[in-house]
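None of the figures in this text is laboratory data; all of them are computed from the coordinates on show. All values reported here derive from a predicted model rather than from experimental measurement. Cβ sites come from the backbone with ideal geometry, for glycine too, and all protein chains shown count toward neighbours.
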Amino acid sequence: MAHSILVFYGSYRSDRMGIRLADYIVARLRGRGEDVELIDAKAVGLPMLDRMYKEYPKGSAPAALEALAARIRAADAFVFVTGEYNWGMQPGLKNLTDHFLEEWFWRPAAVASYSAGRIAGARSGFVWHGTLSEMSMLVISSTLTVGPIAEALDADGKPLGQAGQGLERAFGRFADDLAWWTEAARMQRARKAPPY
């Protein structure tokens with residue numbers, strides 16, 4: 001049975017390189033038979049956080065917020081594709097995630113980071129682990145780190161050279177880890193209601 005997985009990407013830059021990694025992950029997960037959807041923060045276009053989804057009276061949230069909340073609640077797992085900005089989080093992705101809280105609960109999450117340099121966004125990925133855990137997601141231990149991104153993936157998200165080969169080798173474990181925890185969480189939610 002396919003898992004429903006949302007892949008979140010958050011850059012608002014005009015020459016976005018990380019979309020290559022998001023496209024790669026979507027294609028590879030689909031190739032494994034998963035039901036995958038890319039959620040692009042720039043395309044969703046939520047405003048800077050003023051009011052969380054749960055703070056709107058029922059039925060009065062903006063349409064984009066309401067639609068995304070329903071998709072998050074229906075998903076089995078999440079993948080967050082994040083760049084690194086000055087050793088920190090990508091603000092567009094953080095803004096999108098902060099609009100929600102309970103919608104994320106009790107599902108696994110995976111982090112894939114990238115950068116233009118050799119550090120591959122690892123510092124941002126590290127920060128995301130704590131943030132997603134605080135939002136009651138189970139963050140898997142396997143991560144993807146890609147950098148320099150322009151040397152690893154072409155504009156269509158296809159692997160290039162040695163960096164692309166390294167990504168291909170790492171992806172299997174990343175996807176297996178996510179699938180295992182996704183299945184475990186799905187079975188536990190079916191067996192017993194979450195405690196809160």
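Summing +1 for each Lys or Arg and -1 for each Asp or Glu, what net charge is found among the other residues whose Cβ lies under 10 Å from the Cβ of Ala77?
-1
Percent relative contact order of the stretch 112-158, based on C-alpha pairs within less than 8 angstrom and at least six residues apart?
51 percent
How high is the relative contact order of the chain, in percent, counting Cα pairs under 8 Å that sit 6 or more residues apart?
RCO, the chain: 23 percent.
Based only on other Cβ atoms within 10 Å, what is the fewest-to-most ordering of His129, His3?
His129, His3
To the nearest 500 deg cm²/dmol, what mean residue ellipticity at 222 nm is calculated for the chain from DSSP H runs of n ≥ 4 alone, each contributing -39,500 (n - 2.57), summed and divided by the residues?
-13500 deg cm²/dmol
Under the classification rounded if a/c is under 1.5, otherwise prolate if a/b is larger than b/c and oblate if not, where does the stretch 51-109 fall, given a ≥ b ≥ c as square roots of the Cα gyration tensor eigenvalues?
It is oblate, given that a/c is not under 1.5 and a/b is not larger than b/c.
Within a Cβ distance under 9 Å of Ile5, other residues only, what is the Lys/Arg minus Asp/Glu net charge?
-4
Using only the alpha-carbon atoms of the stretch 89-159, report the extent along each of the three principal axes, biggest first, to the nearest angstrom.
Ordered largest first, the stretch 89-159 gives principal extents of 38, 24, 21 Å.
Within a 10 angstrom radius of the beta carbon, how do Asp176, Asp15 rank from fewest other beta carbons to most?
So the ranking, lowest neighbour count to highest, is Asp15, Asp176.
Note the angle between two axes, namely the Cα long axis of helix 63-74 and the longest principal axis of the Cα atoms of the chain, as a number of degrees from 0 to 90, rounded to the nearest 10.
80 degrees
Please give me, ordered by residue number, the trypsin sites (Lys or Arg not before Pro) of the stretch 57-144 that lie in loop per DSSP and have at most 16 other Cβ atoms within 10 Å.
Here the sparse-neighbourhood loop sites are Lys58, Arg118.
Considering only DSSP beta bridges where both residues belong to the stretch 4-191, give the percentage that are antiparallel (nearest 5).
In the stretch 4-191, approximately 10 percent of DSSP beta bridges are antiparallel ones.
With the crude spin-label approximation of a point 7 Å out along Cα→Cβ, what separation in nm comes out for Ala193 versus Asp98?
Output for this residue pair reads 3.2 nm.
Calculated FRET efficiency, Ser60 and Glu168, Cβ-Cβ r, R0 30 Å, to nearest 0.05?
About 0.05, to the nearest 0.05.
For Thr143, Thr82, Thr131, what ranking results if the residue with the fewest other Cβ atoms within 10 Å of its Cβ goes first?
Lowest count first: Thr131, Thr143, Thr82.
Taking N as the number of residues in the chain, what is its Cα Rg relative to 2.2 N^0.38 Å?
0.99
If I take R0 = 25 Å and measure r between the Cβ atoms of Arg51 and Trp106 in this structure, what FRET efficiency does the formula 1/(1 + (r/R0)^6) give, to the nearest 0.05?
My answer for the efficiency is 0.55.
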